[in-house]
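K.L.:
I'd like to ask you about the structure that follows.
Values quoted throughout were computed directly from the atomic coordinates according to the rules given, and no laboratory measurement underlies them. In this text the structure is predicted, and so the values were computed from the model without any measurement. Ideal geometry is used to build each Cβ from the backbone, glycine not excepted, and the neighbour counts take in all protein chains shown.
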Amino acid sequence: MEAGLEKFSEKKIAETISNSSRNMENMKRTPIKLNIETYPETVAEYMKDSVIYDSSCSPQAKVIFINKDEGYFLKEAAKGTLKTEALMTAYMHSLKLSEEVLYYGTSHGKDYMLSRRIQGEDCTYPAYLAEPKKLCDLIALLLRKLHEIDGKACPVQDRIGTYVESVKHGLDKSSYESDLFKGIWEFNSFSDAKRAAEEGIPLLKKEVLIHGDYCLPNIILNNRKFSGYIDLDCGGIGDRHIDVLWGIWTLNYNLGTIEYTNRFIDAYGRDMIEPEKLRMIAAMEMIGG
């Protein structure tokens, strides 16, 4: 089942870009003071003689920006929760697709991951959103290129197992988001979504290297050229349709229109995509949360 199209509205895109600008303004890094002696020694060395900002956007992890040299990011979260992200980021860096991980370790019951800042801006930058066709084509082509990489050395060889586990945890309806893909993939009831998800689980393949959260904020461009991926904790060897689904969703969410759904699919390669599997994975995401 292919997504329907709604009439493209230049005004709507302009309003979305304006909202994005305001959101970026609201998300400005907040200067903070920290006792660096409470941090691991390696991390503290980078924090010395620098201005430090809170750059957090999720309750699951505290993110600190260290304004020194070309910039560093420090993630702080519960013990063990950053291990996969550190492994995947280091692996992707070896492929020149992400930032360099300078430190990963556990101290006082917390995980710490220190990495270099990737130069550039993420794809929600207003100048990129202002050229939606180019942006759509670019992220589709980048995704296809990612999926063509030989992932034999990837440290996460089975992303499907943890993905399915997350879906099964949501079968009690506790995480169900019925309007997550409104206008693209919709179900009449939780029972219908549950049925589609359960039918789709056996069809998931460990076939390609995936990002796992392929959204505009996680793709960094430098002067409109690819610079790197961030937030790779859901990455590994998995089903290409997971990334394709989030690529479609992120364009819809950030541009405020589903106008680019078919364009994205065509740019990626329609022959590689099973529409019904996308629908099933949409059901899994609605349920799994």
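K.L.:
May I ask you to evaluate 6.51 cos²θ - 1.76 cosθ + 1.60, the Karplus curve with θ = phi - 60°, for each residue of region 44-50 and list the ³J(HN,Hα) values in order in whole Hz, giving x for glycine and proline?
P.N.:
With the stated coefficients, region 44-50 comes to 4, 4, 6, 7, 4, 6, 9 Hz.
K.L.:
Could you tell me the calculated FRET efficiency between R195 and R263, based on Cβ-Cβ distance and R0 = 22 angstrom, to the nearest 0.05?
P.N.:
On the way: r = 30 Å, r/R0 = 1.38.
Approximately 0.15, to the nearest 0.05.
K.L.:
With each pseudo-label sitting 7 Å past Cα toward Cβ, what's the S94-E131 distance in nm, one decimal?
P.N.:
Going from the S94 label point to the E131 one covers 3.4 nm.
K.L.:
Treat the count of other C-beta atoms within 10 Å as a stand-in for reagent exposure and order L143, L34 from fewest to most.
P.N.:
So the ranking, lowest neighbour count to highest, is L34, L143.
K.L.:
Now, a different point. How large is ³J(HN,Hα), in whole Hz, for each residue of region 144-155 in order, when computed from phi with the Karplus curve 6.51 cos²θ - 1.76 cosθ + 1.60 and θ = phi - 60°, using x for Gly and Pro?
P.N.:
Whole-Hz 3J(HN,Hα) from phi for region 144-155: 4, 5, 4, 5, 8, 6, 6, x, 4, 8, 4, x.
K.L.:
Using C-alpha positions alone, give me the convex hull volume of the chain per residue in cubic angstrom.
P.N.:
Looking at the chain, the number lands at 133 Å³ per residue.
K.L.:
While we're here: Each label point is 7 Å from the Cα along the Cα-to-Cβ direction; what then is the distance between the points at K48 and K83, in nm?
P.N.:
Placing both labels 7 Å along Cα→Cβ, they lie 3.1 nm apart.
K.L.:
Region 83-157 to region 216-236: how many Å between their Cα centroids?
P.N.:
Distance between centres, Cα-based: 5 Å.
K.L.:
Taking N as the number of residues in region 41-161, what is its Cα Rg relative to 2.2 N^0.38 Å?
P.N.:
Values: Rg = 16.4 Å, N = 121, 2.2 N^0.38 = 13.6 Å.
Relative to the 2.2 N^0.38 Å estimate, region 41-161 comes out at 1.20.
K.L.:
Which residue fluctuates the most in the chain, going by a Gaussian network model with Cα springs under 10 Å, if the choices are D271, D243, D192?
P.N.:
Evaluated over the chain, the most mobile residue of the options is D271.
K.L.:
Still on this structure: Can you give me the angle between helix 10-26 and the longest principal axis of the chain, using Cα atoms only, in degrees from 0 to 90, rounded to the nearest 10?
P.N.:
Between the helix axis and the principal axis of the chain, the angle is about 20 degrees.
K.L.:
Once all Cα-Cα distances of region 121-288 are split into 10 Å bins that start at 0, what whole-number percent is in each one?
P.N.:
10, 39, 37, 13, 1
K.L.:
Here is a follow-up. Return one number: the angle in degrees, 0 to 90 and rounded to the nearest 10, between the long axis of the Cα atoms of helix 240-255 and the longest principal axis of the Cα atoms of the chain.
P.N.:
Tilt relative to the chain: about 80 degrees.
K.L.:
In addition: First measure r as the distance between the Cβ atoms of D271 and K68, then evaluate 1/(1 + (r/R0)^6) with R0 = 51 Å and state the FRET efficiency to the nearest 0.05.
P.N.:
0.60
K.L.:
Which Cα, out of H169, I139, I287, lies furthest along the positive dipole direction of the chain (beta carbon charges, K/R +1, D/E -1)?
P.N.:
The listed residue farthest towards the positive side: I139.
K.L.:
Quick one: of the DSSP bridges fully inside the chain, what percent are antiparallel, nearest 5? Write out the running numbers ahead of the final one.
P.N.:
Working: 36 of 37 bridges.
Here the antiparallel bridges make up roughly 95 percent for the chain.
K.L.:
On a 0 to 90° scale, report how tilted helix 83-94 is relative to the longest principal axis of the chain, with both axes built from alpha carbons and the result rounded to the nearest 10.
P.N.:
90
K.L.:
Say the cut-off is 20 Å between C-alpha atoms; which of K182/K206; K48/K75; K48/K68 go over it?
P.N.:
K182/K206, as the Cα separations exceed 20 Å there.
K.L.:
Quick check on the chain: helices-only [θ] at 222 nm, where DSSP H runs of length 4 and up contribute -39,500 (n - 2.57) each and the sum goes over total residues. Nearest 500, please. Could the numbers behind the result be given before it?
P.N.:
Working: 10 runs with 116 residues, N = 289.
Result for the chain: -12500 deg cm²/dmol, rounded to the nearest 500.
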